[in-house]
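Student: Take a look at this one; I'll ask things after.
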Amino acid sequence: MPDIINLIIQLIAGSVAGNAAGDLLKDYDLGPGNMIAGAIGGGGGGQILSHLIPALAGLDVSSIVSQLVAAGAGGAILTVIAGAVKNMRVGK
């Protein structure tokens, strides 16, 4: 059960970070795709961190904060990468 809760936390944090990255960096904005790219990046980043550092996979405060940070970073990074790819495809 904690794995599902951790994944939900990561998806939400990634979505929020993806939207924030799209709003702050207008050149890389994907519109509604910010949330999708952010969720995918957040889930991926959080899961990678949980597998690399197993002590951070839990439901205590330090684990949740580390998952929020990793998922937020992963969501923002994937949103910017997807925005850059989109801009290269349309020739901006």
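Student: Give region 56-72 a look and list any residue that's within 20 Å of GLY43 (Cβ to Cβ), out of contact with any helix residue (DSSP H, G or I) (no Cβ under 6 Å at 6 or more places or on another chain) and aliphatic (A, V, I, L, M), or say none.
Tutor: Within region 56-72, ILE64, VAL65, VAL69 meet the criteria.
Student: Looking only at residues that are farther than 13 Å from ALA39 by Cβ, part of a helix (DSSP H, G or I) and not charged (D, E, K, R) in region 1-19, which one is modelled with the lowest pLDDT? Full working, then the answer.
Tutor: First, the residues of region 1-19 that are farther than 13 Å from ALA39 by Cβ: 1-6.
After this cut, where a residue has to be part of a helix (DSSP H, G or I) as well, the list is 2-6.
From what is left, the residues that are not charged (D, E, K, R) are 2, 4-6.
Numbers: PRO2: 72, ILE4: 90, ILE5: 90, ASN6: 89.
Residue satisfying both the conditions and the ranking: PRO2.
Student: How many residues does region 51-65 contain that are out of contact with any Gly (no Cβ under 9 Å at 6 or more places or on another chain) and not in a loop (DSSP other than H, G, I, E, B)?
Tutor: Our first condition is that a residue be out of contact with any Gly (no Cβ under 9 Å at 6 or more places or on another chain); within region 51-65, this holds for 51-63, 65.
Checking which are not in a loop (DSSP other than H, G, I, E, B) leaves us with 51-52, 54-56, 61-63, 65.
Counting residues in region 51-65 that are out of contact with any Gly (no Cβ under 9 Å at 6 or more places or on another chain) and not in a loop (DSSP other than H, G, I, E, B) gives 9.
Student: Okay, next question. Pick from ILE40, ILE36: which is surrounded by 14 or more Cβ atoms within 10 Å (Cβ to Cβ), within 10 Å of the chain's Cα centre (by Cα) and free of Cβ contacts under 8 Å to residues at least 24 places away in the same chain?
Tutor: Numbers: ILE40 fails: free of Cβ contacts under 8 Å to residues at least 24 places away in the same chain.
Answer to the check: ILE36.
Student: Quick one: which of ALA84, ALA73 is at negative phi and touching a Phe, Trp or Tyr at 6+ places or on another chain (Cβ under 7 Å)?
Tutor: Values: ALA73 fails: touching a Phe, Trp or Tyr at 6+ places or on another chain (Cβ under 7 Å).
Exactly one of ALA84, ALA73 is at negative phi and touching a Phe, Trp or Tyr at 6+ places or on another chain (Cβ under 7 Å), namely ALA84.
Student: Does region 20-33 hold any residues that are exposed (fewer than 15 other Cβ atoms within 10 Å of the Cβ) and assigned to a helix (DSSP H, G or I), and which are they?
Tutor: Answer for region 20-33, where residues must be exposed (fewer than 15 other Cβ atoms within 10 Å of the Cβ) and assigned to a helix (DSSP H, G or I): ASP23, LEU24, LYS26, ASP27.
Student: Looking at GLY58, GLY91 in this structure, which one is modelled with pLDDT under 90 and either under 21 Å from PRO2 (Cα atoms) or of a type in the set (Val, Ile, Thr) (or both)? Spell out the reasoning first.
Tutor: Values: GLY91 fails: either under 21 Å from PRO2 (Cα atoms) or of a type in the set (Val, Ile, Thr) (or both).
Selected residue: GLY58, the only one of GLY58, GLY91 that is modelled with pLDDT under 90 and either under 21 Å from PRO2 (Cα atoms) or of a type in the set (Val, Ile, Thr) (or both).
Student: Also, I was wondering about something else. Of (1) surrounded by 19 or more Cβ atoms within 10 Å (Cβ to Cβ); (2) modelled with pLDDT of 95 or more, ALA71 satisfies all except one. Which?
Tutor: All conditions are met except number (2).
The values are calculated or read from the model by the stated rules, or taken from the named source; none is laboratory data. Computed from a prediction, not measured in an experiment: that's the story for all the values here. When we count neighbours, we look across all protein chains shown, and the Cβ atoms used for this are built from the backbone with ideal geometry, even at glycine.
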